[in-house]
Structures are given as C-alpha cells and as structure tokens.
Amino acid sequence: MKRLQLALAISILLLAAGCGSGAAPETAPPPQAVTTESVGHYCGMALNEHNGPKGQIFIKGQAAPVWFSSIKQVFAYTLLPEEPKGISAIYVNDMSTAGAGGAPDPAAWIDARQAYYVIEGRYIGGMGAEDAIPFSQRDHAQAFADTHGGRVVTFADVPESYVFAQ
C-alpha cells in the first residue's frame, strides 16, 4: 500500500512539474533608436529636441516603445497606478558613454533596472529640471555625483518622494 501511495505521489509531482505554459520565456525587445517620430509620453514633444538622458518602456503586446524625455518620467510611469504594468523592458541612456558636453550617446541604451542613478544633484535634464542620471558603471555614477552633487542609488532604491518632487 505504501508503495502505491509513494508511486502515486511521485506521479502527481512529475505531472505537476510538466504542466507549465509550454511557452518559451519572453525575450525582451531590444532598445530602439530615437527618431523624429519619437514623442515623449507625458510632454507630447519630440525627444530629439531635448537634452539629457531619455527612456523607453516596452509594454507586452506592443511593438513600439513608450518614450520619455526625462528619467524621472520613466520612474513615474512605473509607479503610477493608471499606467500599464505589463512591462517587458525598460531602457535608459547610458551616461557612462556621454560626450564631453554631457550629451548622451543616442545609441547607448542600458537596462534601467541594472543602472546606477545619480539623484538629488544639480544636473538639469531634458525637461529643464533636475533629473536622475543613469550610468552602467557605478564608479562613473560616483564620479558624476562627486562633481555635480547628489547620491548614487539603484533602480529599486529611487524613492517615490524623489520621483514626484516638484
């Protein structure tokens, strides 16, 4: 009897283990280049008319990204309850590769959740206000903070009070 119960239990476990969705894990779409049609989600203005780092968020089931003129707007989108939550990828410009004048390399995108951010500094972003500045390298972020003020945090550590501060 015990053997039968053990065999039944093992069969149930094996059956349950094989009952996945059968679908391969979704691959994140690659970042897209900013074009003349890339318009900021909140401001409705062309991204190529703004200085500073920009962001793009991909929503599951949509081919085109949602564009952002500033990094704080990227965070706001992820926090606001009325915005879609089916996010498949978030990218921000990597300021570790910025030119001498501080302009982001338009081809340098990094996973926003892996970036280091300088917040609460004196850097004015794309919307003419202080903004979070993303870096792929922690030491580059710290050097920027040493020069421009602020502190270095990860994506998960950016406070909501900072994102929505006026």
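The values are calculated or read from the model by the stated rules, or taken from the named source; none is laboratory data. Owing to the predicted nature of the structure, the values given are computational and were not obtained by experimental measurement. Cβ coordinates were reconstructed from backbone atoms using ideal geometry, including for glycine residues, and neighbour counts include every protein chain displayed. Accessible surface areas use protein heavy atoms only, side chains included; no ligands, DNA or RNA. Shrake-Rupley method; radii C 1.70, N 1.55, O 1.52, S 1.80 Å.
Side notes on the structure shown:
- Computed label-point distance, nm, for sites residue 78 and residue 161 using a 7 Å Cα→Cβ extension: 2.0 nm
- Computed on the Cα atoms alone, the convex hull of the range 32-166 gives a volume of 101 cubic angstrom per residue.
- Cα gyration tensor category, rounded, prolate or oblate, for the range 90-166 with a/c compared to 1.5: rounded
- Taking 0.36 nm per residue of separation and subtracting the Cα-Cα distance, full extension of the segment from residue 124 to residue 33 would add 30.5 nm.
- Between the range 119-147 and the range 83-103, the Cα center-to-center distance that results, in Å: 12 Å
- Placing unit charges on the Cβ atoms only, positive for Lys and Arg and negative for Asp and Glu, gives the range 76-166 a dipole magnitude near 80 debye about its Cα centre.
- Cβ-Cβ distance of residue 103 and residue 154, R₀ of 25 Å, FRET efficiency by 1/(1 + (r/R0)^6): the value works out to about 0.55.
- Accessible surface of residue 144 - all protein chains present, 1.4 Å probe, nearest 10 Å²: 40 Å²
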